[in-house]
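Report on the following structure.
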Amino acid sequence: MKSTLTEKFKDQYNHNPSAVYFTPGRVNLIGEHIDYNGGLVMPCAITLGTWVAIAPNNDGKFRFRSLNFDAQTEVESNVKHEKDGGNWFNYPIGVINEFLKDGKKIDGIDFLYHGNIPIGSGLSSSASIEIATAFALNEFFNLGYEKLDLVKIAKSVENNFIGVNSGIMDQFAVTFGEQDKAILLDCDTLKNKMVDINLGNYVLAIINTNKPRELAESKYNERVEECQTALKLLNEEITLNNLCELNTEKFLLHNHLLTDQTILNRATHVVKENDRVSLAAKALNAGYLEEFGRLMYASHESLRDLYEVSGKELDTVVEFCMDYEHVIGARMTGAGFGGCAIALLEKGFEEDFTKKLVHFYEDRIGYAADVYVSHIGNGPRQL
Ligand code: GLA
């Protein structure tokens, strides 16, 4: 990819790139809709991701182009810019705005991006492009940020520039991911531990529902608000900074305060999902993959019935997995409302699984799903 991107860069800009960087996407193994509630999540970086080639120009302009999109733009460097509709280049522009706020100066740069994370698939193509930009500029210009600063900058871009009130999981995962490891991350304190992923006789399959995710952002923000409502109501009886300070036992002592069934369901998901992450980490450490798989199914059920972020496409995939003899666990991953599911699939059955699942899915949903066997990869780097 480096050489293709270098060639294309020359075609586009008539000069060579000075450096090429890669940043991965992520899957979350378990702990969904937990990060903005201050609990535990267990994501890992994947080998799909975003490449960016950069070179300084002498025009005082930032030029953003991509091999994935026709839309491109050219803006003055060293001044802040507004968000431009739903364009992909809002992500790098948002990052550079944050750098400017910090008093960093960067003169003209030509950027060329390429990504192989399916867009809107819930595998964090947005966090990947944010961190790709932030990491590349930080390295190239020695801006002096720590990796965790870049994570926080990218989260702020999502929250304050793009307008999604997401938590820190995606940016953290794509920045700190390591090959064959998951990150057990406490989203309140940001303390984290790498967990070895030894899947033994299994592989991690990613199934893209290919469902367009039109309403995902507004529904996501609605869930964030519902959790804030639950937190406020619980604070009438106890003092809590976030929902994940409660385990299931303590929650049951106070959940009578949540008289609205929807709010009660949302909070119940959060508290129990957070407990499931600790159990899942223990199961993985001990090599109890069947137990891990059971927790994945329980997570999906809760996201479907209590948190209501699944949908018939993701449910169809998980339903197929439950009946397929060589899968021991499956669930939606990421925000939901379409996007991807993951499954623990016995090695050697990749082809059979793909063929049967695609058939089952297309029959029910009317269009095809895609299946990838994923590898757990490393964080950002220069190539
Ligand atoms: C999206 C958000 C994350 C997280 C997940 C759900 O990926 O960006 O912050 O909330 O949804 O777990």
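Which residues, counting only those in the range 10-41, are crowded, with 24+ Cβ neighbours inside 10 Å and not in a strand (DSSP E or B)? Within the range 10-41, 29, 30, 31, 32, 33, 34, 35, 37, 39 qualify. Do we find a residue being more than 16 Å from the ligand (Cβ to nearest atom), more than 19 Å from the chain's Cα centre (by Cα), under 28 Å from residue 222 (Cβ atoms) and modelled with pLDDT of 95 or more anywhere in the range 353-363? Checking the range 353-363: at least one residue is more than 16 Å from the ligand (Cβ to nearest atom), more than 19 Å from the chain's Cα centre (by Cα), under 28 Å from residue 222 (Cβ atoms) and modelled with pLDDT of 95 or more.
Among the residues that make up the range 93-105, is at least one of them within 20 Å of residue 15 (Cβ to Cβ) and not basic (Lys, Arg)? First the steps, then the outcome.
First, the residues of the range 93-105 that are within 20 Å of residue 15 (Cβ to Cβ): none.
Looking for residues that are within 20 Å of residue 15 (Cβ to Cβ) and not basic (Lys, Arg), one finds none in the range 93-105, hence no.
All conditions in (1) on the phi < 0 side of the Ramachandran plot; (2) out of contact with any helix residue (DSSP H, G or I) (no Cβ under 6 Å at 6 or more places or on another chain) hold for residue 237, with the sole exception of (2). Per the conditions (1) surrounded by 15 or more Cβ atoms within 10 Å (Cβ to Cβ); (2) under 24 Å from residue 339 (Cα atoms), the sole criterion not satisfied by residue 86 is (1).
Residue 98 - would you say it is exposed (fewer than 15 other Cβ atoms within 10 Å of the Cβ) and not in a loop (DSSP other than H, G, I, E, B)?
Numbers: exposed (fewer than 15 other Cβ atoms within 10 Å of the Cβ): no; not in a loop (DSSP other than H, G, I, E, B): yes.
Judged against the criteria, residue 98 is not a match.
Candidates 87, 78: the one that is outside any strand (DSSP E or B), without any contact (Cβ under 8 Å) to a residue 24 or more places away in the chain and of a type outside the set (Val, Ile, Thr) is 87. Being in contact (Cβ under 8 Å) with a residue 60 or more places away in the chain and in a helix (DSSP H, G or I) is the filter here, so list the residues in the range 161-188 that pass it. Hits for the range 161-188 are 161, 162, 169, 170, 172, 173, 174, 175, 176. Of all residues in the range 160-191, exactly one satisfies the criterion of being within 20 Å of residue 242 (Cα to Cα), of a type in the set (S, T, N, Q) and over 17 Å from the mean Cα position of the chain (by Cα), namely 189. Taking (1) surrounded by 14 or more Cβ atoms within 10 Å (Cβ to Cβ); (2) without any contact (Cβ under 8 Å) to a residue 40 or more places away in the chain in turn, residue 348 satisfies each apart from (1). When you scan the range 150-159, how many residues do you find that are more than 9 Å from the ligand (Cβ to nearest atom) and open to solvent by less than 20 Å² (accessible area, probe 1.4 Å)? Residues meeting the conditions: 5. Residues in the range 160-179 that are open to solvent by 30 Å² or more (accessible area, probe 1.4 Å) and more than 10 Å from the ligand (Cβ to nearest atom): 160, 161, 163, 176, 178, 179. Only one of the numbered conditions (1) outside any helix (DSSP H, G or I); (2) open to solvent by less than 40 Å² (accessible area, probe 1.4 Å) is violated by residue 92, and that is (1).
Could you tell me which residue of the range 113-144 is nearest to the ligand (Cβ to nearest atom), considering only residues that are over 18 Å from residue 217 (Cβ atoms) and open to solvent by 30 Å² or more (accessible area, probe 1.4 Å)? Checked the range 113-144; the qualifying residue nearest to the ligand (Cβ to nearest atom) is 116.
The values are calculated or read from the model by the stated rules, or taken from the named source; none is laboratory data. Keep in mind it's a predicted model, so treat the numbers as computed, not measured. Neighbour counts are summed over all protein chains in view; Cβ atoms, including those assigned to glycine, are modelled from backbone coordinates with ideal geometry. Surface accessibility is based on the protein's heavy atoms, side chains included, excluding ligands, DNA and RNA. Shrake-Rupley method; radii C 1.70, N 1.55, O 1.52, S 1.80 Å.
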